[in-house]
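Accompanying notes for the structure given below.
The values are calculated or read from the model by the stated rules, or taken from the named source; none is laboratory data. These numbers come from a predicted model, not from an experiment. Here the Cβ positions follow ideal geometry from the backbone for every residue, glycine too, while neighbour counts run over all protein chains shown.
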Amino acid sequence: MSVTGVPVAGSGKSFFGHPRGLMTLFLTEMWERFSFYGMRALLTLYLVAPPDGVTPPGGGLGISSGDATAIYGTYLALVYVTPLAGGWVADRMWGPRRAVLVGGIIIAGGHFLMAIPEQQFSFWLGLLLIAAGTGLLKPCVSCLVGGLYDTGDESRRDAGFSIFYMGINLGAFIAPLVCGYLADNINWHIGFAAAGFGMLFGVAQYLMGSKTLGDVGVAVPNPAPPEVRRRVFGLTGLLLVIVVALVAAFSLVRGGFSINDIVDVLSIIILVLPIIYFRRVFSSGKLTDVEHSRMRAFLVLFLASAVFWMIFDQAGSTLNIFAQENTDRNIGNFEMPAAFLQSVDPILVIIFAPIFAAVWTKLGDRAPSTALKFAFALVGIGLSFVVMVIPGLAADGGELSSVWWLIGVYVIQCWSELLLSPTGLSATTRLAPAGMGSQLLALWFLSVSVGDTIGGQLARGLDSLGLAPYFGILGSAAILCGLILLLASPKVRRMMAGVK
Ligand code: GLN
């Protein structure tokens, strides 16, 4: 996505030496992530909690852990697939500035729908709205950050993104504490409502800070002519009809509708999408030899990224349930809500991100290549699940484990995340063929969707397999993928043709 408008770098007072607009976007994204991670911390716990009562461990929908994890995986996958559509709307119809505003309002609406007690329909509709709104807001807000800087101001822009990433994690850190506390002490729906209020604060300060953004992202970068709009709307309509028809067919075959039908249909579509996308890119005939080679390298990174998020994002599902059901969360005579443990990764990111960045800068040319960092990340994320085998065995035998197991696992996961997530984003922008920067970023997020979908479906095996074998098999598979990538890394590096 591109941003037109006059860059506001250097105008007015500054925010840590950066344009003041960065503060506005920092806070918008902080509150959006607050709402996203606050709700995410509660979602799976709410799905599996038995219906009796109003607070954890009861008061939920009583769905099995396997099905709940699949629902959660598909929801997350939807969140990361919608930027494909959101980016298009921003680039070709509304401009990023408006897309962020509309996205924020839709997200807040989604959270408030989830806050309505005893209404399953509004709960599911709320989830869909959050996914749709995030597709508009998330890619556009990052794109506005980029638009704050003049071209050529690369180092300040990179530093700006690092500050922005802190905002993401600050929101992700505070939210589970607030929403988890409210859900545990009042009821689930107040927890969901708190997420909605977070997003409303974000929208309010985005509107109030509008002046600090000048006219960045106001114009529509590449307006779509009416016939293109008609074609895109037509195709979207067709896709919706296909989804509804497939869901109906699944329900018919299975003898009655259930939410699993929607989960399975969306999973199939999300897995087919990247195949279509990559085929189109490779067979477009527009790529130079170097671009072709870089795209093949990107495909390798895409697959590795999918394996990574498949495990990493289970922090909000499998590990979250583990915290609720199989962990001793007592500190003195205070029993910490399970959702609190969702704050561990973001606070660790805030602590370790500057350290990782400093190490890469210090190593300079001796820093590991992107492919090598990815390989280490896969080994790390796999290891984190292999470690979970030990408390998993205790849980399978009906015992509670110390909370330090999960904290230790989150430390390994955070280090792996810092090897892969920022590296992947930056490599994606540098590997993109001419004029395809935003498309490739959307494709990067699609790798997260693919991982979450597969993770969600695999976790269905949880109910029959038991925790220890589940963690062991998935963890070993990721380690194996990491070792293969380790061996292939010199080749992948050559395929990247000059991109480190
Ligand atoms: N934690 C980051 C965020 O919430 C990255 C998530 C991702 O790329 N899957 O923005």
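(1) over 17 Å from the mean Cα position of the chain (by Cα); (2) at pLDDT below 95; (3) within 15 Å of MET310 (Cα to Cα); (4) within 16 Å of the ligand (Cβ to nearest atom): which one isn't true of ALA459, the others all being true? Unmet condition: (4). Test LEU128 against the criterion of being part of a helix (DSSP H, G or I), in contact (Cβ under 8 Å) with a residue 12 or more places away in the chain and within 16 Å of the ligand (Cβ to nearest atom), and give yes or no. In short, no. Scan segment 427-450 for residues that are touching a residue at least 24 places away in the same chain (Cβ under 8 Å), among the polar types (S, T, N, Q) and over 17 Å from ARG280 (Cα atoms) and the total you get is 2. Residues that are within 11 Å of the ligand (Cβ to nearest atom) and either out of contact with any Phe, Trp or Tyr (no Cβ under 8 Å at 6 or more places or on another chain) or closer than 10 Å to PHE16 by Cβ (or both) within segment 154-168 comprise TYR165, ILE168, listed in sequence order.
Pairing residues of segment 16-31 that are under 24 Å from PHE197 (Cα atoms) with residues that are part of a helix (DSSP H, G or I) and small (Gly, Ala, Ser), at Cβ distances under 6 Å and at least 6 apart in sequence or on separate chains, gives LEU22/GLY160; PHE26/GLY167; THR28/GLY202; GLU29/GLY167; MET30/GLY167; MET30/GLY171; TRP31/GLY198; TRP31/GLY202. Pairing each residue of segment 337-354 that is closer than 17 Å to MET30 by Cβ and in contact (Cβ under 8 Å) with a residue 24 or more places away in the chain with any residue that is in a helix (DSSP H, G or I) and among the acidic types (Asp, Glu), provided the two are 6+ apart or on different chains, yields C-beta distances under 8 Å for ASP345/GLU417; VAL349/GLU417.
Would you call GLY73 within 16 Å of the ligand (Cβ to nearest atom) and in a helix (DSSP H, G or I)?
yes
Remark: pairs (first residue in segment 472-495, touching a residue at least 12 places away in the same chain (Cβ under 8 Å); second residue among the charged types (D, E, K, R) and in a helix (DSSP H, G or I); Cβ separation under 6 Å; 6+ apart in sequence or on different chains) = MET495/ARG296. One residue stands out in segment 357-385 among those that are out of contact with any Leu (no Cβ under 9 Å at 6 or more places or on another chain) and among the β-branched types (Val, Ile, Thr): the one that is modelled with the lowest pLDDT, namely THR361.
Could you count how many residues in segment 272-304 are farther than 17 Å from VAL448 by Cβ and either in contact with a helix residue (DSSP H, G or I) (Cβ under 6 Å, 6 or more places away or on another chain) or assigned to a helix (DSSP H, G or I) (or both)? The number of residues fulfilling the criteria is 14.
If you go through segment 228-271 and keep only what is in contact with a Ser or Thr (Cβ under 9 Å, 6 or more places away or on another chain) and not in a helix (DSSP H, G or I), you end up with PHE257, SER258.
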